[in-house]
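Colleague: Handing you a structure now.
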Amino acid sequence: MSSNSWIKPDIKNPFTLNLNELIRLKKNKKTNPKKIVQSFLKRIKEKNKYLRAISSINESYIYDQFNNIDPDLPLSFIPVGIKDIYNTEILPTKMGSPIYKNFYSGNDARVVTNLKRAGCIVFCKTETAEFAVHHPGPTKNAYSSKHICGTSSSGSAVAVSSGMLPFALGSQTAASTIRPAAYNGIYGFKPSFGVIPRTGTLKTLDTLDHVTFFCRSSSDLRIIFDSLRVKGQNYPLVNKFYDKRINKTFFKKNKLRVGFINQKNILPIDEEQLKLVQEFKFNLKKKGFKVFDLDTDQLLKNKHILHQKIYSRGLAYYFKDEFKNNKKYLSDIFIDMINEGNKIKFDEYIKLTIQQQNFIKKINDMFKNVDFVISSSTFGEAPLKNKKEKKDISLIWTLAHLPTVSVPFLKKNKLPRGLQITSKKYEDYKLFEFLDILKKKNLIKDVDVVNNY
């Protein structure tokens, strides 16, 4: 791996700016929208041949959208990358599989429509693992070609990390957003389950699939979430928990309680990663937060096994046609998971989903005594390509339906690492508010575009 090289934000080169900076730049008329589009197009042409994060792009379609955008919309003219499991009207939806290499859905997924309504330009599709599961796509880690770039949302993560896009959609059924966010040194956010619509999206599992996204600034998270989530009276839970102002006096009057998962008792974690967790705990305490360790050993025990069984059964159900008619095009790991899923009968599957619901209730009860939970995003830094990726805690928060964000920590000449911050279900905005506080206290930072290729 060569020495890490970062490009500082520069208004002359819009691709170096994060989403929040681009919005301010447009609002203050410091640049014009066409220059923004051209800057990102140029960056993609320069970098994608090395990084292979973009699976398809159509410049004519980009400018067709550009010519029909209302300039007063909140995200007008902002490029966005769409993970190649979401339907898009013009671009192909290949889902990381040769079976669908020539598939055009002819319509947009609901989240893509929501982004267009906010003024975004659907810039490109990003590479994904086969059917967003485990068999990797062609994308390279933004920091090192010798190391893996993460799981299925890696194309989106690498495109954002390298400045080819200001933000991009991912997905998470296990750890497909948190891992690539950590391995590529950016923010990756998985919301509370069910608050971002999945219509027009590849389905792998009803109780675990989440729409997610990546960016380079914690301030961007709220902006993106606002544009993606469902709103209004037709969604009673969302109306109850989201369509109201955050009680900011809570953050001013209360000493925030931050619990740390004693992760070494649950899953392995490398020494450098453990040191990062301990340093962050020490810094939080120094800044006045109430910090303590959580006893979650029994609560989290065997939850990877529960997740694996539910996941495998879902794949066996939703991909039975591909398994029957196009098995020769499926990877060995995908076939193994389907075979495993086919052994699970319907009655057992129902019992597994009941176990998941009971777990969700218990883990939400944990938040009676804590406001936020800190854990590691991954076992450690991105492993070498010839090394097996070790289990981490990320999929537990997916199983629990909780909002969680991977926060990047960068050091010169080292691979990035990430810590996860998690809050109670439906308290996504409370999590964003906490991130704002951490940024003001200089405990977390925005990241610059990496330029290692």
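The values are calculated or read from the model by the stated rules, or taken from the named source; none is laboratory data. Worth saying up front: this structure is predicted, and the values here are computed from it rather than measured. Every residue, glycine as well, gets a Cβ built from its backbone with ideal geometry; the counts of neighbours run over all protein chains shown.
Colleague: Using beta carbons and a limit of 8 Å, which pairs, at least six apart or on different chains, have the first residue in the stretch 199-220 and on the phi > 0 side of the Ramachandran plot and the second one in a loop (DSSP other than H, G, I, E, B)?
Modeller: Listed pairs, sorted by first residue: Gly200/Asn87; Gly200/Ser105; Gly200/Asn107; Gly200/Asp108; Gly200/Ala109.
Colleague: Does Asn262 satisfy the condition of being at pLDDT below 95 and at positive phi? First the steps, then the outcome.
Modeller: On the way: at pLDDT below 95: yes; at positive phi: no.
For Asn262, the condition - at pLDDT below 95 and at positive phi - is not met.
Colleague: Within the stretch 66-89, can one find any residue that is surrounded by fewer than 21 Cβ atoms within 10 Å (Cβ to Cβ) and of a type in the set (Lys, Arg)?
Modeller: Looking for residues that are surrounded by fewer than 21 Cβ atoms within 10 Å (Cβ to Cβ) and of a type in the set (Lys, Arg), one finds none in the stretch 66-89, hence no.
Colleague: Give the residue, chosen from Ile354, Ile350, Ile305, Ile344, that is more than 30 Å from Gly259 (Cβ to Cβ) and without any contact (Cβ under 8 Å) to a residue 24 or more places away in the chain. Write out each step before concluding.
Modeller: Working: Ile354 fails: more than 30 Å from Gly259 (Cβ to Cβ); Ile305 fails: more than 30 Å from Gly259 (Cβ to Cβ); Ile344 fails: without any contact (Cβ under 8 Å) to a residue 24 or more places away in the chain.
Criteria check complete, one pass: Ile350.
Colleague: Picking from Ser394, Ser423, which residue would you name as being in contact with a Leu (Cβ under 6 Å, 6 or more places away or on another chain) and polar (S, T, N, Q)? Walk me through how you get there before you give the answer.
Modeller: Values: Ser394 fails: in contact with a Leu (Cβ under 6 Å, 6 or more places away or on another chain).
From the options Ser394, Ser423, the qualifying one is Ser423.
Colleague: Considering only the stretch 376-395, I want to know if a residue exists there that is assigned by TED's automatic domain parsing to the domain that holds His147, closer than 26 Å to Leu352 by Cβ, hydrophobic (A, V, I, L, M, F, W, C) and touching a residue at least 40 places away in the same chain (Cβ under 8 Å).
Modeller: Checked the stretch 376-395: at least one residue is assigned by TED's automatic domain parsing to the domain that holds His147, closer than 26 Å to Leu352 by Cβ, hydrophobic (A, V, I, L, M, F, W, C) and touching a residue at least 40 places away in the same chain (Cβ under 8 Å).
To keep it simple, each residue is scored yes or no on (1) in the same structural domain as Lys424 (by TED's automatic domain parsing); (2) touching a residue at least 40 places away in the same chain (Cβ under 8 Å); (3) surrounded by fewer than 24 Cβ atoms within 10 Å (Cβ to Cβ); (4) not in a loop (DSSP other than H, G, I, E, B).
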{"position": "Pro138", "(1), (2), (3), (4)": "yes, yes, yes, no"}
{"position": "Val158", "(1), (2), (3), (4)": "yes, yes, no, yes"}
{"position": "Ala175", "(1), (2), (3), (4)": "yes, yes, no, no"}
{"position": "Ala182", "(1), (2), (3), (4)": "yes, yes, no, yes"}
{"position": "Gly188", "(1), (2), (3), (4)": "yes, yes, no, yes"}
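Colleague: Hey, any hits in the stretch 229-238 for a residue that's closer than 30 Å to Val449 by Cα and surrounded by 13 or more Cβ atoms within 10 Å (Cβ to Cβ)?
Modeller: Taking the stretch 229-238 and keeping what is closer than 30 Å to Val449 by Cα, we get 229.
With surrounded by 13 or more Cβ atoms within 10 Å (Cβ to Cβ) added as a condition, the list becomes 229.
Yes: the stretch 229-238 contains one or more residues that are closer than 30 Å to Val449 by Cα and surrounded by 13 or more Cβ atoms within 10 Å (Cβ to Cβ).
Colleague: Related question: Please pick out the residue among Gly288, Gly314 that is at positive phi and either loosely packed, with under 13 Cβ neighbours inside 10 Å or assigned to a helix (DSSP H, G or I) (or both).
Modeller: On the way: Gly314 fails: at positive phi.
Gly288 is the lone residue from the list that is at positive phi and either loosely packed, with under 13 Cβ neighbours inside 10 Å or assigned to a helix (DSSP H, G or I) (or both).
Colleague: Looking for whichever is acidic (Asp, Glu) and within 30 Å of Gly96 (Cβ to Cβ) here; the options are Asp332, Asp293, Asp297, Asp347. Which one fits? Step through it out loud before you land on a result.
Modeller: On the way: Asp293 fails: within 30 Å of Gly96 (Cβ to Cβ); Asp297 fails: within 30 Å of Gly96 (Cβ to Cβ); Asp347 fails: within 30 Å of Gly96 (Cβ to Cβ).
From the options Asp332, Asp293, Asp297, Asp347, the qualifying one is Asp332.
Colleague: All but one of (1) crowded, with 18+ Cβ neighbours inside 10 Å; (2) in the same structural domain as Ala129 (by TED's automatic domain parsing); (3) modelled with pLDDT under 95 hold for Asp243; state the number of the condition that does not hold.
Modeller: Answer for Asp243: the failing condition is (1).
Colleague: Still on this structure, please answer the following. Pairs only if they're at least six apart or on different chains, beta carbon under 7 angstrom, first in the stretch 316-332 and closer than 15 Å to Asn342 by Cα, second among the polar types (S, T, N, Q) and surrounded by fewer than 18 Cβ atoms within 10 Å (Cβ to Cβ); list them, first residue then second.
Modeller: Here the result reads Ala316/Asn342, each pair linking the stretch 316-332 to a residue that is among the polar types (S, T, N, Q) and surrounded by fewer than 18 Cβ atoms within 10 Å (Cβ to Cβ).
Results for (1) within 17 Å of Leu384 (Cβ to Cβ); (2) of a type outside the set (A, V, I, L, M, F, W, C), shown as yes or no for each residue.
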{"residue": "Ser145", "(1), (2)": "yes, yes"}
{"residue": "Ser152", "(1), (2)": "no, yes"}
{"residue": "Thr201", "(1), (2)": "no, yes"}
{"residue": "Leu205", "(1), (2)": "no, no"}
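Colleague: Say we look at the stretch 265-276 and pick out the residues that are more than 11 Å from Gly380 (Cβ to Cβ) and under 24 Å from the mean Cα position of the chain (by Cα); which of these is surrounded by the fewest Cβ atoms within 10 Å (Cβ to Cβ)?
Modeller: Quick first cut of the stretch 265-276, residues more than 11 Å from Gly380 (Cβ to Cβ) only: 265-267.
Filter once more, keeping what is under 24 Å from the mean Cα position of the chain (by Cα): 266-267.
Details: Ile266: 20, Leu267: 17.
Filtering first and then ranking leaves Leu267.
Colleague: Mind listing just one residue for me: the one in the stretch 208-234 that is of a type in the set (S, T, N, Q) and at pLDDT 95 or above and, of those, nearest to the chain's Cα centre (by Cα)?
Modeller: Once the filter is applied, the top-ranked residue is Thr212.
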